[in-house]
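Enquirer: Structure provided below as structure tokens; questions to follow.
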Amino acid sequence: MRDLEVLRLRRSVRKFLSKAISKVELEKMVDAARFAPTARNVQPWEFVVITDKSKLKQLAALAENARFLDQAAAAIAIYALDTKYYLEDGSAATCSVLLAATALGIGSCWVAGDKKDYCQAVGVLLNVPVEMKLVSLVALGYPQEADAFKEIAKRQLKEVLHWEKF
């Protein structure tokens, strides 16, 4: 097994350099996501990679908590078929994108999708079939801040871990 450092260093990054992300790196992130856990191995997910600046600006205008998408180098829209566990499966895939981005030195930020009022408009913009559910948008870019991946304080393990009972 490899070091788990990527889990400790992953952060939400909302300020990006104006540097493109290569197609190879974007494919690596989606490839990592397709190996995410999925209930009954249904694999209901589909991934739309967005690098076009005008589309990124349109996404930023649609999602009120994601205005920073207009400064991102790319975004990945994670969709899932409306299966029993689409949200769990799509969320697992989203986490894999975030961790893969960190491993590649690329900043990322999860933007909520499921049940948001902009889901339909995002689907129209990206030409997604209407039966697909938007699970998340992931903003991607090289971090503007040099210390974007520094470890930050988290609650201690002894504060959150319970054995046998709460």
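The values are calculated or read from the model by the stated rules, or taken from the named source; none is laboratory data. Everything numeric in this text was worked out from a predicted model, so none of it was measured. Because the Cβ atoms are built from the backbone with ideal geometry, glycine has one as well, and the counts that use them run over all protein chains shown. SASA here: full protein model, heavy atoms, side chains in, ligands and nucleic acids out. Shrake-Rupley method; radii C 1.70, N 1.55, O 1.52, S 1.80 Å.
Enquirer: Considering only the other residues whose Cβ falls under 15 Å of the Cβ of K57, what net charge follows from Lys and Arg at +1 and Asp and Glu at -1?
Expert: In short, 0.
Enquirer: Write down the accessible area per residue of the chain in Å², having rolled a 1.4 Å probe over the full set of protein chains.
Expert: On a per-residue basis, the chain sits at 61 Å².
Enquirer: Another question, then. How are the C-alpha pair distances of the stretch 1-44 spread across 5 Å bins, as whole percents from the shortest bin up?
Expert: The calculated distribution, bin by bin, is 5, 13, 13, 25, 22, 15, 5, 2, 0.
Enquirer: To continue, here is another question. Given the rule -39500 (n - 2.57) for each run of at least 4 DSSP H residues, summed and divided by the residues of the chain, what is its mean residue ellipticity at 222 nm, to the nearest 500 deg cm²/dmol?
Expert: When only DSSP H runs of four or more count, the value is -9500 deg cm²/dmol.
Enquirer: Heavy atoms only, probe 1.4 angstrom, no DNA, RNA or ligands counted: give me M29, M132 ranked by accessible area, highest first.
Expert: Largest to smallest exposure gives the sequence M132, M29.
Enquirer: What number, in percent, do you get for the relative contact order of the stretch 24-166 if the mean sequence gap of Cα pairs under 8 Å and at least 6 apart is divided by its residue count?
Expert: With pairs under 8 Å counted, the relative contact order is 27 percent.
Enquirer: Please state, to two decimals, what the Cα-based radius of gyration of the chain comes to when divided by 2.2 N^0.38 Å (N = residues).
Expert: The chain yields a ratio of 1.06.
Enquirer: Mind ranking K133, K165 by accessible surface for me, highest first, 1.4 Å probe?
Expert: If we order K133, K165 from most to least accessible, we get K165, K133.
Enquirer: Please go through the residue pairs K55/K115; K23/K57; K84/K158; K15/K57 and name each one whose alpha carbons sit more than 23 Å apart in this structure.
Expert: K84/K158
Enquirer: Using the Cα centre of the stretch 1-145 as origin and beta-carbon charges of +1 (Lys, Arg) and -1 (Asp, Glu), tell me which of G105, A60, I78 is placed farthest towards the positive end of the dipole.
Expert: Of the listed residues, the answer is G105.
Enquirer: Determine ³J(HN,Hα), in whole Hz, for all residues of the stretch 15-21 in sequence, where each value follows from phi through the Karplus function 6.51 cos²θ - 1.76 cosθ + 1.60 and θ = phi - 60°; x replaces Gly and Pro.
Expert: Here the 3J(HN,Hα) series is 10, 10, 6, 8, 10, 5, 9 Hz.
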